[in-house]
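**Student:** Provided herewith is a single structure, encoded as structure tokens, for subsequent inquiry.
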Amino acid sequence: MAGAAAVWGASYMFIKVALDDFSEGAIVCIRTALGAAVLLALASRWGVLSHLRGRRLWLVPTALLQVGVPFLLITFGENDIDSQLAGILVSGAPIFTALLAMRFDHAERSSGWGAVGIGVGMLGVVLLFGLDLTGSGDQVLGGLMVLLAAFCYAAGALLNKHKLHGLPPVAVAGGQMAIVSVLTLPLLVAAPPDHAPALDAVASLVALGAAGTGIAFLWFYTLLSELGPARASIISYIAPGFSVVYGVVLLGEPFSVAAVGGLVLILAGSWLAVQRRLPGWASRRSEPSRSTAPAPARAR
């Protein structure tokens, strides 16, 4: 989980650098193609691609909801907001998971402290939009795009749980990346780079695709399979810290008090929404028992 968070936290930085020389559609197409190459190679080596038979129909909607739409929203949104802010807003995914669970998933529902957490997290989002995204209408629109991407991640995780549960994560992730790369290919063809891309942009795109879209998604889908959407989304507590450090230290982005306040509120709210308790309090509900915990998915 920590490794995936470190790589995912860098993804927003890689997107920001790649936008200097590549169009939004090109970035999504290339990163998913590279991610698919890594994941499908592993799935083929482990002989698990055949496990998708019978449920391949659900790969397309889950690919769009979990990968295609949020990737495009984040990439377009980062034209107008800092990479660190994109990472913070995406960390609101557990809040949306808890909200959606009220209607669609009884096992993931939040009550008590969990319900309080939803309110705290939403307050953090309001703080960011009220204090850190006041420069222009474009900034607000960019922030809304990234926030909508977080909602898509939450909805996609729940859909994965109910429609693709039990399938090898590497096969699911590889299939979804391949689908999105094909669907976004027209965007790459329509807007190819108009000049030779700089080395840093190319290197960022390769790292974004092979690591941030390939290996990190494999780790995350494995967490989804073993822990469920709510607890797997704990990764959202860790990744924003990396995105802030990368953005401030490596890209020279400003470090604002509003961003820190929003981050603290969103992460605190996400913790309460998922764990349904205050840190340090014992709660049997916060941990699955050995008898009821889902069995880990095996890649081999």
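Read the figures in this text as sums done on the coordinates, not as results from a lab. Predicted model only: the values in this text are computed from it and were never measured. Cβ: placed from backbone, ideal geometry, glycine included. Neighbour counts: every protein chain shown.
**Student:** Let me check against my output: what whole-number percent is the relative contact order of the range 2-286, with C-alpha pairs under 8 Å and at least 6 apart?
**Tutor:** This gives 43 percent for the range 2-286.
**Student:** All other residues with a Cβ under 14 Å from the Cβ of Val38 taken together, and with Lys, Arg as +1 and Asp, Glu as -1, what is their net charge?
**Tutor:** My count for the surroundings of Val38 gives +2.
**Student:** Given the peptides 32-39, 122-129, arrange them by the average over their residues of other C-beta atoms within 10 Å, most packed first. Intermediate values should be presented prior to the final figure.
**Tutor:** On the way: 32-39: 23.4, 122-129: 18.9.
Most protected by this proxy first, the peptides run 32-39, 122-129.
**Student:** Now, a different point. With +1 on the Cβ of every Lys and Arg and -1 on the Cβ of every Asp and Glu, and nothing else charged, how large is the dipole of the range 2-286 about its Cα centre, in debye rounded to the nearest 20?
**Tutor:** On the way: 15 positive and 14 negative charges, 331 e Å.
The dipole magnitude comes to about 1580 debye.
**Student:** Sticking with this one: Which of the trypsin sites (Lys or Arg not before Pro) found in the range 52-94 are loop residues per DSSP with 13 or fewer other Cβ atoms within 10 Å of their Cβ?
**Tutor:** Answer by residue number: Arg53.
**Student:** Using the Cα gyration tensor of the range 2-286, with a ≥ b ≥ c the square roots of its eigenvalues, what is the shape: rounded (a/c below 1.5), prolate (a/b larger than b/c) or oblate (neither)? Intermediate results must be reported in sequence, preceding the final value.
**Tutor:** On the way: a/c = 1.84, a/b = 1.08, b/c = 1.70.
It comes out oblate by the Cα gyration axes.
**Student:** Oh, and also: Could you point to the residue in Ser11, Trp58, Gly25 farthest towards the positive end of the range 1-80's charge dipole, with +1 and -1 charges on the Cβ of Lys/Arg and Asp/Glu respectively?
**Tutor:** Trp58
**Student:** Shifting gears a bit: Work out from phi, with θ = phi - 60° and the Karplus expression 6.51 cos²θ - 1.76 cosθ + 1.60, the ³J(HN,Hα) of each residue of the range 181-195, listed in order in whole Hz, and give x for Gly and Pro.
**Tutor:** Couplings: 4, 5, 5, 9, 4, x, 5, 5, 5, 6, 9, x, x, 8, 7 Hz.
**Student:** Ranking request for peptides 257-266, 83-92, 166-175: highest mean number of other beta-carbon atoms within 10 Å first, then the rest in descending order.
**Tutor:** Going by the mean number of other Cβ atoms within 10 Å, highest first, we get 83-92, 166-175, 257-266.
**Student:** If you don't mind, there's one more thing I want to ask. What does the highest-first list of 243-250, 67-74, 199-206, 20-27 look like by mean Cβ count within 10 Å?
**Tutor:** The densest-packed peptide leads the list: 67-74, 20-27, 243-250, 199-206.
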